[in-house]
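Student: Attaching a single structure in structure tokens format; questions to follow.
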């Protein structure tokens, strides 16, 4: 096993030399990439010996030779099915992690969205990128983030300028084009919401076809004072995919961050989400839903870090597991020394539809302040017999009753997404995944 | 329409119903009264097919068929409806969705065409008048965050949509203030037809001022201890339940007694 891992790492070394040559960047970013590659060589991929990866084993996926992706061409028709009416004019497409201007459409006003490497080269955006890139998603102790950072060669830079309120949501679609099998994609996103701005961003991870691929994405989000951001993340990659993702957010004074992550796809997925409440009066909602069917594995690790007083965090993660599906939820909430008047609430609820499904859930609170309000809880259960009987007593057959309750369980999270066509599609996908046919 | 013969039922091994005999014809309203623990709610749940209740003896013939052989959802599609004493909350499923699904399941069963959401919306609007329910309730999750009165009204709304042949109202009056009681009872009266029958299970006579029964049956210790017309309810209101004694009861009511 160890020799296999070393082999795949050396593929990355060769590819890294090519990237450096083909896509030079600003000197500071060059340094970041170089030191990230050094860290990756040192750290390698995480193994089950690490506490944070105890239940999620990457080794079987890394046995295959994985090749870092190169830019490919795609016709607009190929991605038409991933475009929604609400976002038709505000849509950025990354193909295998590479910003694709032809497929993107940015007719909306006020919001900046461009190739991250171009932003780094730009006089104004370069400064912002330099300040915030690799600041919240640190690569020093995380091999996967290090690898993503080393392969920074495109990606998206999003800027919502000061006082700009954008009504129309911006969609970022991450398409995996697996015409070459076993490609590895390293999408990188930096979102900066400046003071008192307001926007909605919808990340959509999809596969073009059914071949195995490896996505290793890193999204960094910065909310400056008084900014508001609604952030949806939907992962529906194909069922052979290995999907690793990090979302790292820092919140300015009085800012408000509302994020909803829906995980349905990939054979194995891992999402690390962290929110640092680094200034007074910030508030966040960090919600999610994982629907795990047969042979799927979904792991969520979340860290909510209250560093300053008077911040609120609300977290609701729900899971639906069927067949031999497996899920992991690990949620840490830190309340640092001096973070008085913190209000932190964390809940993880799991619905097991099969005897063979399994979830490992571990909510953790670590509190170093004394004047705080914190609560957390986890539940694992099956469908409620009384609820089922109520539906039966109204003439709804047992299969439909089961599906309807499962749908209702999911809806609490899916219902947060304010894009009607996306929500309708997710409802349908949730039900299809559960082998049913209810129309909303 | 309904014939209950020597019905015995247990829950968790305790015998609650100990030989109920009851005949109900279409167009009739029957009140089932009795003190707490007498078995009246158990009777309602057994008729609806709640899985916790086991029928150990006797039979129930509904429209010429053995009701006890039908699964709960089949009973419902055949026109048996129980309004729950404690309506269940179904988070994430809107009232309109739920009602349309239930309605269409029944239509399918009867070989009729299903209604699409728009057609159903019109029907729902019409039926909602029966219990004076506002449109905002239709988009809310079933019973979630409803007050006690709203939940009971929602039960009668379901009855209005499903138009059962046999409706069993299990303590529909409990927890209702006088205004809500009037609305709920008014709704039930509007849904009464010469072709359906209604069983009103209640502890108090109060509801029967509004839904006037043709017959009153008083349960004690799992048997019908007394029967009469609507005036029996008034007598109970005056004297309480203490004066009613079943001839063979041993008075413990523990339910451990075998027949």
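Read-outs: derived from the displayed coordinates by stated rules, not from any lab. Since the structure is predicted, the reported quantities are computational estimates derived from the model, not experimental observations. So basically every Cβ, Gly included, is an ideal-geometry build from the backbone, and we count neighbours across all protein chains shown.
Student: If you find the alpha carbon centre of the range A:240-255 and of the range A:261-276, how far apart are they in angstrom?
Tutor: Centre-to-centre (Cα) distance: 9 Å.
Student: Another question, then. Would you please give the FRET efficiency between residue A:75 and residue A:295, computed as 1/(1 + (r/R0)^6) with r the Cβ-Cβ distance and R0 = 35 Å, to the nearest 0.05?
Tutor: So the FRET efficiency works out to roughly 0.65.
Student: Taking a quarter of the surface of the convex hull around the Cα atoms of the range A:71-131, what do you get in nm²?
Tutor: Averaged projected area of the range A:71-131's Cα convex hull equals 5.0 nm².
Student: In degrees from 0 to 90, rounded to the nearest 10, what is the angle of the helix B:95-109 Cα long axis to the longest principal axis of chain B?
Tutor: For helix B:95-109, the angle is close to 80 degrees.
Student: I'd like the mean, over residues of B:92-99, of how many other protein chain beta carbons sit within 10 Å of each residue's own Cβ.
Tutor: That works out to 5 on average.
Student: Calculate the length of the line joining the C-alpha centroid of the range B:54-73 to that of the range A:62-88, in whole Å.
Tutor: Cα centroid of the range B:54-73 versus Cα centroid of the range A:62-88: 58 Å apart.
Student: Taking Cα centroids, how far is the range B:178-209 from the range A:357-402 in Å?
Tutor: When both Cα centres are located, 36 Å separates them.
Student: Once you put a point 7 Å from the Cα of residue A:324 and another 7 Å from the Cα of residue A:209, both along the Cβ direction, what distance in nm separates them?
Tutor: 2.8
Student: If you don't mind, there's one more thing I want to ask. Just want to confirm a number: the relative contact order over chain A, from Cα pairs under 8 angstrom separated by 6+ residues, in percent.
Tutor: That works out to 9 percent.
Student: Where Rh is the Kirkwood radius over the Cα pairs of chain B, the temperature 4 °C and the viscosity 1.567 mPa s, what D in µm²/s does Stokes-Einstein return?
Tutor: Translational D for this selection: 69 µm²/s.
Student: Another question, if that's okay. Counting other beta carbons within 10 Å of each Cβ, put A:166, B:188 in order, fewest first. Kindly include the intermediate steps, with their values, before the conclusion.
Tutor: Numbers: A:166 19, B:188 24.
The most exposed by this proxy come first: A:166, B:188.
Student: Applying a 10 Å radius around every beta-carbon, put A:90-100, B:23-33, B:153-163, A:377-387 in order of their mean neighbour count, most first. Spell out each step's value before the answer.
Tutor: Working: A:90-100: 25.1, B:23-33: 19.4, B:153-163: 23.0, A:377-387: 13.9.
Descending packing order for the listed peptides: A:90-100, B:153-163, B:23-33, A:377-387.
Student: Any idea what angle helix B:230-239 forms with the longest principal axis of chain B, computed on alpha-carbon atoms, 0 to 90 degrees, nearest 10?
Tutor: The angle comes out near 60 degrees.
Student: Here's another thing I want to ask about it. Which value in deg cm²/dmol, rounded to the nearest 500, describes the helix-derived mean residue ellipticity at 222 nm for the protein assembly as shown, given -39,500 (n - 2.57) per DSSP H run of n ≥ 4 and division by the residue count?
Tutor: Counting only the DSSP helices, I get -8500 deg cm²/dmol.
Student: I need the calculated FRET efficiency for the pair residue A:63 and residue B:36, taking r as the beta carbon distance and R₀ as 51 Å, to the nearest 0.05.
Tutor: E(calc), rounded to 0.05, equals 0.15.
Student: Follow-up. Need one value for A:17-28: mean number of C-beta atoms belonging to other chains within 10 Å of its residues' C-beta atoms.
Tutor: 0
Student: Using Cβ counts within 10 Å as a stand-in for footprinting exposure, how do A:53, A:28 rank, fewest first?
Tutor: A:28, A:53
Student: In percent, what relative contact order does chain B have, based on Cα pairs under 8 Å that are 6 or more apart in sequence?
Tutor: 28
Student: Would you mind getting me the FRET efficiency between residue B:163 and residue B:243? Use the beta-carbon distance for r and R0 = 41 Å, nearest 0.05. Please report the intermediate quantities before stating the final value.
Tutor: Numbers: r = 39 Å, r/R0 = 0.95.
The formula returns an efficiency of 0.55 here.
Student: Oh, and also: Please state, as a whole number in µm²/s, the translational diffusion coefficient that the Stokes-Einstein equation yields for the protein assembly as shown at 4 °C and 1.567 mPa s, with Rh defined as the Kirkwood radius across alpha carbon pairs.
Tutor: Working: Rh = 28.5 Å.
D, rounded to a whole number, is 45 µm²/s.
Student: Same structure, new question: Pairs of alpha-carbon atoms within less than 8 angstrom and 6+ residues apart define the contacts here; what relative contact order does the range B:37-80 have, in percent?
Tutor: Relative contact order here is 35 percent.
Student: May I ask for the angle, rounded to the nearest 10°, between helix B:178-191 and the longest principal axis of chain B, with both axes built from Cα atoms and the value confined to 0 to 90°?
Tutor: Helix B:178-191 sits roughly 80 degrees off the main axis of chain B.
Student: Count, for each residue of A:382-392, the Cβ atoms from other chains sitting within 10 Å of its Cβ, then give me the mean as a whole number.
Tutor: Across the residues of A:382-392, the mean count of other-chain Cβ atoms within 10 Å is 6.
Student: Based on Cα positions only, what radius of gyration and what Dmax would you give for the range A:2-279, in angstroms?
Tutor: Over the range A:2-279's Cα set, Rg and Dmax evaluate to 17.6, 53 Å.
Student: Need one number: convex hull volume per residue for the range B:1-50, Cα atoms only, in Å³.
Tutor: 77
Student: Please give, to one decimal in nm, the separation of the simple spin-label points placed at residue A:140 and residue A:337, each 7 Å out from Cα toward the Cβ.
Tutor: Distance between the two pseudo-spin positions: 1.9 nm.
Student: State the percent of C-alpha pairs, over all pairs in the range A:152-259, separated by a distance greater than 20 angstrom.
Tutor: Values: 2396 of 5778 pairs.
So the pairs more than 20 Å apart make up 41 percent of the total in the range A:152-259.
Student: Would you list B:210, A:290, A:232, A:317 from fewest to most Cβ contacts within 10 Å?
Tutor: With the fewest neighbours first, B:210, A:290, A:232, A:317 line up as B:210, A:232, A:317, A:290.
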